[in-house]
1. Hey, can you grab everything whose amide H is under 5 Å from the amide H of residue 23? Only 5+ residues off in sequence or another chain; H modelled, so Pro and N-termini drop out.
2. At R0 = 41 Å, how high is the FRET efficiency between residue 31 and residue 107 if r is their beta carbon distance? Nearest 0.05 is fine.
3. Summarise the accessible area of the range 1-113 (1.4 Å probe, protein heavy atoms) by the percent that is carbon and sulfur.
4. Any idea how far the Cα center of the range 1-24 sits from the one of the range 29-50, in Å?
Amino acid sequence: IYIYISNLFRVQRRSELEPVDLECLFLEITSRSCYYLLCCIYFPPSADNRFWSNYIDKAGDISVIIIVGDLNVDIFNTPRTHPMHDTLLYNNLVYNIRDPTRNSKSTSTLIDPILTTIEIGYSQRGVFCMRSLRFLHFTRF
């Protein structure tokens, strides 16, 4: 996983939050006007759901959290009993993408969301359709 961050920001890796069994990167990003925790993750379908309660909740007192990546949890069809939903509620996380990020001939899924704390506003969001039936999604803060 790679993340490009402008040199206008100060960045500190938070490796203590990164599970060893997942492709994941946590960065604490600060500037004069912001203080964010950014998580970029690939969550394979076979991964243990403990990530949602064990790692995100350990972020501490950071009030602004951004989670991006391939979560392999279909937001459209995941039962409310899934551990992810508790973590979203506990950390005041919301979905910034509400359109499918993957389509097949028979299904549409949202498994590549951009999750942010409610405090973050955005100026633009959307999904670009690609030929491979995968979608590129974005949020501009």
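The values are calculated or read from the model by the stated rules, or taken from the named source; none is laboratory data. All values reported here derive from a predicted model rather than from experimental measurement. Methodologically, a virtual Cβ is constructed for each residue, glycine included, from the backbone with ideal geometry; neighbour enumeration extends over all protein chains shown. The accessibility values were calculated without ligands, DNA or RNA, using every heavy atom of the protein model including side chains. Shrake-Rupley method; radii C 1.70, N 1.55, O 1.52, S 1.80 Å.
1. 42
2. Here the calculated transfer efficiency is 0.55.
3. After summing per-atom areas, the C and S share lands at 50 percent.
4. Here the answer is 8 Å between Cα centres.
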